[in-house]
């Protein structure tokens, strides 16, 4: 019997249940994957607590890594024995055995472990599209990245540093700021003791940053607009503190003809060719050693609820994974 985490109602971490079910069979276009690590992400929390609505009952998680055991009819992109990883697609990644649409699977280089892959696919692909496509960062660009000590933030700090950007991070403690600095941030602002708008402006000589990457949402959104240079770009890609407030378009004009976008990984990876190109870019930067994937916490599959508690309390840094 296979094992996986499901929830039958939205709510707190206690709604997550470990259940057994018959081994699934891959259908047309699917592959059966034996998973050795499952990624943990804030989006999993949003789906579990109802911020993002999903049909119930539901599996949990959207990121994993393992080995293909069987493939269904029509699958040619992977074959049994392939080491693979994925991010996105149907929920249900918190499991030891599951089917995955084969066109969502990326072949995993031998140099990348299953735990690293499960800890980096969603976060790393997110960083890839944010800094390479949403706003193609150039050497010398000043960039403000909120939650710089989180899983996405630590990958972003390293990758942005490798691109020659000047990274200004924010975090909620001096310890987290120190972590961001060790991973490539030029500066890190403790937003609990400093006003990040004033510091960011000071660090850029009053000019402002080229782009703000904000996964925090409500607590940082409006102040982030004041960190931007004229015609700068505000990238809102998460809601850790709650949804960002609604604004009138005229506010963007008054603050310097600013641009605003709310991107999604699913949009950027909708085409198979784009997913493959993004994954290659991610794998290359990791294998090169310029970006190191720090898997800081590993939880047994049956401790998914505790993992969610730690995520919500912001007790985690870097990446965390479930081990089936």
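Nothing in this text is a laboratory measurement; each read-out follows from the coordinates by a stated rule. All values reported here derive from a predicted model rather than from experimental measurement. Neighbour counts run over all protein chains shown; Cβ positions are idealised from the backbone, glycine included.
Over the range 139-262, Cα pairs under 8 Å with separation of 6+ residues give a relative contact order of 21 percent. Would you work out if the range 1-148 is rounded, prolate or oblate? Take a ≥ b ≥ c from the square roots of the eigenvalues of the alpha-carbon gyration tensor; rounded if a/c is under 1.5, else prolate when a/b is larger than b/c, oblate otherwise. The shape class here is oblate.
Using Cα centres only, tell me the gap between the range 231-264 and the range 16-73 in whole Å. Centre-to-centre distance over Cα atoms comes out at 32 Å.
Here the calculated FRET efficiency for residue 174 and residue 1, from their Cβ-Cβ distance with R0 = 51 Å, stands at 0.60, rounded to the nearest 0.05.
Note on the chain: helix-only mean residue ellipticity at 222 nm, from DSSP H runs of 4+ residues weighted -39500 (n - 2.57) and normalised by residue number, equals -8000 deg cm²/dmol.
The length gained on full extension between residue 272 and residue 162, counted as 0.36 nm times the residue separation minus their Cα-Cα distance, comes to 36.9 nm. Rounded, prolate or oblate, given the Cα gyration tensor of the range 186-244, with a/c below 1.5 counting as rounded? Oblate. Considering only beta bridges that DSSP places wholly inside the chain, some 55 percent are antiparallel.
For the peptides 230-237, 115-122, 58-65, 83-90, the ranking by mean Cβ contacts within 10 Å, running from highest to lowest, is 115-122, 58-65, 83-90, 230-237. Packing order of peptides 293-305, 12-24, 204-216, highest average first: 204-216, 293-305, 12-24 (average count of other Cβ atoms within 10 Å over each peptide's residues). Between rounded, prolate and oblate, where does the range 139-262 land on the alpha carbon gyration tensor, with a ≥ b ≥ c its root eigenvalues, rounded for a/c under 1.5, else prolate if a/b exceeds b/c? Because a/c hits 1.5 or more and a/b exceeds b/c, the range 139-262 counts as prolate. Once the Cα-Cα distance is subtracted from the 0.36 nm per residue extended length, the residue 247 to residue 264 segment shows a gain of 4.1 nm. Computed on the chain, with alpha-carbon pairs under 8 angstrom and 6+ residues apart, the relative contact order is 18 percent.
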